[in-house]
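Just passing along the structure, written as structure tokens.
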Amino acid sequence: MKTQLGSMVTFESGDITEEEAALYDRQIRLWGLDAQKRLRSARVLLIHMGGLGAEVAKNLILAGVKSLTMLDPNPVTSSEASCQFFVPAGQIGANRAEVSVERAQRLNPMVSVTAEKTPSTELTEEQVARYDVLVATGCPDSELTRLNALCRRRGVLFLAGDVYGFYGFMFADLGRHEFAEEVPVLARPGGEPAQKRPRTEQPESRTVKRTLQFTPLEDALGVDWNAEDRRKTLRRTSDVYFIMRALRDSLKGLPTDKVGDAFTSRCLGELSPACAVVGGVLAQEVIKAVSQKDKPLSNFFLFDGYNSEGVVETIAA
């Protein structure tokens, strides 16, 4: 169950069963019992079950969230055959979310996996408030900003992403987010030099609580890059951000069969490797946000599969 403290979201963490402790043993050793308890109370709404959505769903189901609702009104097309591993063969024309439930559920019977056919454009504030996290994939900017605003009003964690051929991005708006971070403890003066300590000795660290304020997507997209005070920032900003902006703006209604093979092979469709990387980062950020463990990425992750590069950019008005 979710509680709100201002714009900061916290999760109740009830006891886990012996069966859950055995199933999630490795994860509990990695990020701790309290973090796993928070994960098991998280209700996630995932919009669109293309190749990227399938990767996010897989990772979150295996991590052990409480429930995952896959929302998608779209039918299965031939393009899903190469990137959407939840869709069985021979399901062309069937609803992408509904035909994905069976295989997705097999990954972890302890997670409730359901499907909805409602278009994301029809989601109301009350419907969004039923969830703790909303992950939107394959949505235009206008819909992402609308959903982000709904999530902000209801204290729901918002993440979004998309893949265009070799390129992809992730965006996160966690509001005012509090998290715990492990920081190394500096050696005391006069202590034994680090190079002389036994190698079996674990480095000392302490847990520090920090708070990070995120920017809404509308503000991030509203940055005027031609303004005087943005010129220095512009030089430092990754080219991939502007490639993604150009792709998202220019592909609206574009007849893709008229732009040439060189363009389509790099910049169109959902390539499985790009989906795996961006989907892994998206799911990782959901896990970090829900568990309140470790510093989240703020606020864009940009992936260039052609050059095998990923970069984090903080873009705010």
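The values are calculated or read from the model by the stated rules, or taken from the named source; none is laboratory data. Small disclaimer: the values here were computed from a predicted structure and weren't measured. Here the Cβ is made from the backbone with ideal geometry for all residues, glycine too, and neighbour counts use every protein chain on show. Calculation scope for accessible area: heavy atoms of the full protein, side chains included, ligands and nucleic acids excluded. Shrake-Rupley method; radii C 1.70, N 1.55, O 1.52, S 1.80 Å.
Within the set of pairs 6+ apart or on separate chains, which have a first residue in the stretch 273-284 that is more than 12 Å from Phe171 (Cα to Cα), a second that is among the small types (Gly, Ala, Ser) and open to solvent by less than 40 Å² (accessible area, probe 1.4 Å), and C-beta atoms under 6 Å apart?
Listed pairs, sorted by first residue: Ala274/Gly168; Ala274/Gly305; Cys275/Gly51.
Of everything in the stretch 193-246 that's modelled with pLDDT of 90 or more and of a type in the set (Gly, Ala, Ser), which residue is surrounded by the fewest Cβ atoms within 10 Å (Cβ to Cβ)?
The extreme case among them is Gly222.
Another question, then. I need the full set of residues from the stretch 165-178 which are surrounded by fewer than 24 Cβ atoms within 10 Å (Cβ to Cβ) and closer than 23 Å to Glu80 by Cβ, in order please.
Correct list: Gly165, Phe166, Tyr167.
Do any helices (runs of 4 or more DSSP H) entirely within the stretch 20-76 hold 1 or more residues that are surrounded by fewer than 22 Cβ atoms within 10 Å (Cβ to Cβ) and free of Cβ contacts under 8 Å to residues at least 12 places away in the same chain, and if so, which?
Per the criteria, 25-31.
Among what's in the stretch 290-304 and is touching a strand residue (DSSP E or B) at 6+ places or on another chain (Cβ under 7 Å) and over 22 Å from Leu221 (Cα atoms), pick the residue that is surrounded by the most Cβ atoms within 10 Å (Cβ to Cβ).
Val290
Can you name every residue in the stretch 96-122 that is touching a Leu at 6+ places or on another chain (Cβ under 7 Å), under 30 Å from Asp249 (Cα atoms) and not small (Gly, Ala, Ser)?
Once the filter is applied, which keeps residues that are touching a Leu at 6+ places or on another chain (Cβ under 7 Å), under 30 Å from Asp249 (Cα atoms) and not small (Gly, Ala, Ser), the stretch 96-122 yields Glu116, Thr118.
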